[in-house]
Amino acid sequence: MELDINQIAVDMLNAVNQKIRNLKHLNIAVVGKTGVGKSTLINSVFRENLAETGIGRPVTTEIRKISKPGYPLSIYDTPGFELGQDKQKQIRTELLSEIKKGIRSGNVDEAVHCIWYCVNAASSRIEPEEVRWLKEFSEENRITQVPVVVVLTQSCFRKRAAALKTEIEKYNLDIIGIVPVLAQDVNFDEDYTCKAYGLETLIEMMGDCLPEELQDTLQNVQIVSLKAKKKRAHAIVAGSVTAAFGEGFVPIPLADSAMLIPTQVAMIASVTAVFGMNISKSILTGFVSSVLGAGGATVVGKTIAGNLLKLVPGAGTAVGGTISAVTAGLITTALGEAYISLMSKLYTGEISKERLDNVTGEELAAFLREEMQKEKEKEGSMAG
Ligand SMILES: Nc1nc2c(ncn2[C@@H]2O[C@H](COP(=O)(O)OP(=O)(O)O)[C@@H](O)[C@H]2O)c(=O)[nH]1
Ligand SMILES: [Mg+2]
């Protein structure tokens, strides 16, 4: 069976676009007084500068929902939280009614998934009224159970932030964690800068508390942790392999290894979504031709399997013109891992998209093999 490299790249691009369109919508409510650093935090954690460029729409008297067309994240903003206890109570009531409305809708896209309660760590204490707000919110949130994270913003002075964290812990609030963060560097003068930190921890905590169906979205929108993106991408690859070949014992004729392609296309689409980057057809074409069999515009199933096997460090060859389900799994893993290393390099800018457009299939394939060998060695040395 002959396969058209260009067609596979087109299928992948379509699958990528469809995957991104179908991502579930993540909704985070951000609560805290004006000036604590909510907008700075949102713009630092997520791509697309939502707090600056998003469109706010009032959903209740006190709550605005900020969204952007085609972007799978919305922020519930609560302006005026500093304007006294009546206002705060109003915000709490309205937030809870939004939460219940979301649950009633039965639609994950409409639910409030998490609350970031922001306290400025520079003040080094939390007001009793804020503790009360959190306690009463938890009380009313007992059944709805929307996770609350207390974010200590502008935690430039780490000791002070740690002391505040300890103080808040004493209240035994029903929250999933307290995270000190500095969203942006602070420059005191030319020689003294306080570096941004803590945002990765916040994303890890979100990863732990959000349901499975929102994990791809979380990774798609966050821009602070490459580690979290890679972790999710590895899980996608492992999941694709298990779903497709995990329990198969029937040898697959090499000539039919094209049947692996739909699984692999779906896997590539999900991994792309996790990295949250725009991928051009030329990058996908380069990737496909380099790993599936460089040289011509078409490849046959046999070549595909043969070339993918070369990506598996230390793997054997096909025996008797067939590959086992295990080997099919291995080469799919190899393809996925090669793609993850490519995405990572593009994400960090270690290779530029422009450069990739000029790279030959052989060069890219050699690069991917090298990368995977390195990864394997790293894993090996970590395990040993
Ligand atoms: N350097 C730095 N400035 C911050 C940080 N967080 C907030 N700010 C500053 O504090 C001010 C208020 O922040 P903003 O995000 O607008 O607060 P909001 O009212 O809660 O949305 C702005 O001048 C920000 O530049 C941070 O992590 N680093
Ligand atoms: Mg703001």
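Across 10 Å bins from 0, what is the distribution of all Cα-Cα pair distances for the chain, in whole percents?
Values per bin, smallest distances first: 5, 21, 27, 20, 15, 10, 3, 0.
Taking each full run of DSSP H in the chain as one helix, which ones are at least 20 Å long along their axis (Cα atoms) and have mean Kyte-Doolittle hydropathy of at least -1.0?
Qualifying helices: 5-21, 226-245, 261-275, 325-348.
If I build a Gaussian network model for the chain, linking alpha-carbon pairs within less than 10 angstrom, which residue out of Leu335, Leu356, Leu13 has the largest mean-square fluctuation?
Fluctuation is largest for Leu356.
Rank Gly37, Gly276, Gly349 by mean-square fluctuation in a GNM of the chain with C-alpha springs under 10 angstrom and give only the top-ranked residue.
Top of the fluctuation ranking is Gly349.
Only Cα pairs within less than 10 Å get springs; with that Gaussian network setup on the chain, which residue of Asn14, Asn43, Asn278 has the largest fluctuation?
Asn278
Of all DSSP beta bridges in the chain, what percent run antiparallel (nearest 5)?
Around 45 percent antiparallel, to the nearest 5.
Between the alpha-carbon centers of segment 59-121 and segment 339-369, tell me the distance in whole angstrom.
Their Cα centres are 41 Å away from one another.
Binning every alpha carbon pair distance of segment 55-102 at 5 Å from zero, what are the percents per bin?
Bins of 5 Å from zero give 5, 22, 27, 24, 14, 6, 2, 0 percent of pairs.
Going by Cα centres, segment 22-42 and segment 202-221 are how many Å apart?
14
Distance cut-off 31 Å, Cα to Cα: go down the list Lys165/Lys353; Lys195/Lys378; Lys19/Lys89 and report the pairs above it. Could the numbers behind the result be given before it?
Working: Lys165/Lys353 42 Å; Lys195/Lys378 28 Å; Lys19/Lys89 40 Å.
The answer is Lys165/Lys353; Lys19/Lys89.
All of the numbers you see were taken from the coordinates with simple rules; none came from a lab. Only a predicted model underlies this, so the values are computations on that prediction, with no experimental measurement involved.
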